[in-house]
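The values are calculated or read from the model by the stated rules, or taken from the named source; none is laboratory data. Remember, it's a predicted structure, so these values are computed and weren't measured experimentally. Neighbour counts run over all protein chains shown; Cβ positions are idealised from the backbone, glycine included.
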Amino acid sequence: MSKGIALMEENTKNNPSPAKEGNFQKGFHVVIDGIKKPFRKISDFMRNHPLVSYSLRRIGSALLTIVLVIIATFFLLRMLPLETYYGSFIQKFPIASRPAIIQAVLTKLGLNKPVLEQLFNYFYQILPFIPKEVCSNEVWDVSQSIFVCSETTTVFVNFGTSFTIYPGANVLPILAEQMPKSFIVGIGAAFVEILIGYPLGIMMAKYHDKVPDRIGNIFIVIISSIPPIVYYYTIYLILLVNYINWGIPFQYVPGNNFSLIPPMIIVGIAGAADISLWVRRFMVDELNADYVKFARAKGLSENTILFKHVFRNALVPFIRTIPAAFLFSLMGSYFVERVFLIPGIGDMLITAIQRQDNTFVQALVIIFAFISTAAYLLGDLITVLFDPRVALIAKKGD
């Protein structure tokens, strides 16, 4: 009897009563519901605001693209020999002291650490939300066999130190000094592209298969078939020969922004050919749409149809191409900066590749990736803001 009572007490301890078990499950569900509640509110907000949801998804995709570019560039450059990081920097030192200098350079750049640790440290250095105390200029102390920092500064983005092009100098201040010139050329060239490409494309579409359309096609074929470097040098030589008569500088003059006009025009004309071809194709498709045929049947004039109806529908795609036009102009400034001796980031990228300055190459690739991703992101967001059809599609899909 006593054994049976003891066994029952033991079973009671091991198996809680249904009431206690029910209270536990109820409390567990309350906790889970409390955790899910904020996420449910966020989900409802996104469902009711498809424009915000689409924008956040595009921004997240853009950030992921930049992160992947950084990782890919980091590992590709780490596959190169370590000599590319100090290059000709050690050539000016005696042979006996070079091993110590090489080790000091590798330590300074963190290249003697595990690769993953280097990657995480690089992400920390370029993360723009945390201030970092960095050395803006370093010199080699022969007596102590170490690098001595002669000047420090606080930055939010640290791309590292160059030991090839500018030995001992921090990369960011140099790029910050050169980027405005490239942006001036890029913005001016994009303006020329739009000023020439859009009207030319509209005119070619309006006079489809007529003389203006054929002349425009000849212009596009000539510009597209000639390598950019050819007419860069051709126009450069024309300006050089006629400098005395025209007074237009044939190369960049520091402090003279007027000398940046020829590069703007050259890059702009190169991009105008592609834009005009795209505008022509788009406008021709729109002119063959059903609503245009209906407007013609109502007796509306061609100019009214073109500028009041077709152009209004084409305005959103046209606006979307503006960031891409700026991107093309900026990316196309490599050769024109070299030809016209403009100290911009395009010329710096070519110099960094030629002299194997991996620190500069990595920084410039990341900058160009950020600019290109931001340009396409801006184009997508412009489309969503100005075209209600995109918002309706996103809302219906949610």
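Tabulated values for the structure
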quantity: The lone exception for residue 174 - which of (1) modelled with pLDDT under 85; (2) in contact with a helix residue (DSSP H, G or I) (Cβ under 9 Å, 6 or more places away or on another chain); (3) not acidic (Asp, Glu) it fails; calculated: (1)
quantity: Where a residue in the range 65-78 is touching a residue at least 12 places away in the same chain (Cβ under 8 Å) and its partner, wherever it lies, is outside any helix (DSSP H, G or I) and surrounded by 14 or more Cβ atoms within 10 Å (Cβ to Cβ), with Cβ under 9 Å and at least six apart; calculated: 78/111
quantity: Residue list for the range 91-107, filter: touching a helix residue (DSSP H, G or I) at 6+ places or on another chain (Cβ under 9 Å) and assigned to a helix (DSSP H, G or I); calculated: 91, 97, 98, 101, 102, 105, 106
quantity: Residue 360 vs. criteria touching a helix residue (DSSP H, G or I) at 6+ places or on another chain (Cβ under 8 Å) and modelled with pLDDT under 75; calculated: no
quantity: Some residue of the range 201-211 being surrounded by 17 or more Cβ atoms within 10 Å (Cβ to Cβ), over 25 Å from residue 375 (Cα atoms), among the hydrophobic types (A, V, I, L, M, F, W, C) and touching a residue at least 60 places away in the same chain (Cβ under 8 Å); calculated: yes
